[in-house]
Every structure is written in C-alpha cells, then in structure tokens.
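S.K.: This is the structure I have questions about; it appears just below.
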Amino acid sequence: MALTEAGERCILKAREVMLPTVSRMVLHAICFGAHRSASARFQHMDTLESYLRGLRERFGDKATLYYPWGHPDD
C-alpha cells in the first residue's frame, strides 16, 4: 500500500495550515506565552516532552524524539 500523489498533497497542505497554530500552542505550553531564555524554554520543552511520552506510553504509541541512527539536526 502506498500514498498517492493526491494523498501526499493533502498531507502537505494540512501540515502547512496546522504548523503555525501548533507552533504557537507549543510556545504557549512551554513558555506560558512569554519569550523566556533559551535555557528556560529548553527546560519547559523537556517537561512537555515527558508529559507527551507518558501519553504515548499509555496509548501504546512508539513515537519518540530520539533517533538511534542520529537525527538530521545533530
């Protein structure tokens, strides 16, 4: 089974539409709407990730932010 070109376009459009809102939501979640220092943002992001990890474990989701083969941003 493969994703069609139309399906891929649909996913890319949804991502384009959702990304700005999701970015604002994450900033609000990790910084309470304030632009704090980079270290404070990182600390809050780690806390958020721990909450998300707990939810993923509870629902059996195997998603992770950790890449055993190395992450493209590394």
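S.K.: Round to the nearest 0.05 the FRET efficiency obtained for Lys62 and His28 when R0 = 22 Å and r is the Cβ-Cβ distance.
M.R.: 0.20
S.K.: Ok, one more. Once you have the Cα-Cα distance between Gln43 and Cys10, take 0.36 nm times their residue separation minus that, and quote the gain in nm to one decimal.
M.R.: 8.4 nm
S.K.: Please report, in whole Å, how far the alpha carbons of the chain spread along each principal axis, starting with the longest.
M.R.: Rounded to whole Å, the extents work out to 43, 28, 28 Å.
S.K.: Then there is this: Tell me the net charge near Leu55. Cut-off is 14 Å between Cβ atoms, Leu55 excluded, with +1 for each Lys or Arg and -1 for each Asp or Glu.
M.R.: Cβ neighbours under 14 Å give a net charge of +1.
Throughout, read-outs are computed from the coordinates displayed, never taken from laboratory work. As the structure is a prediction and not an experimental result, all values here were calculated from the model. Glycine also receives a Cβ, built like all others from the backbone with ideal geometry; neighbour counts cover every protein chain displayed.
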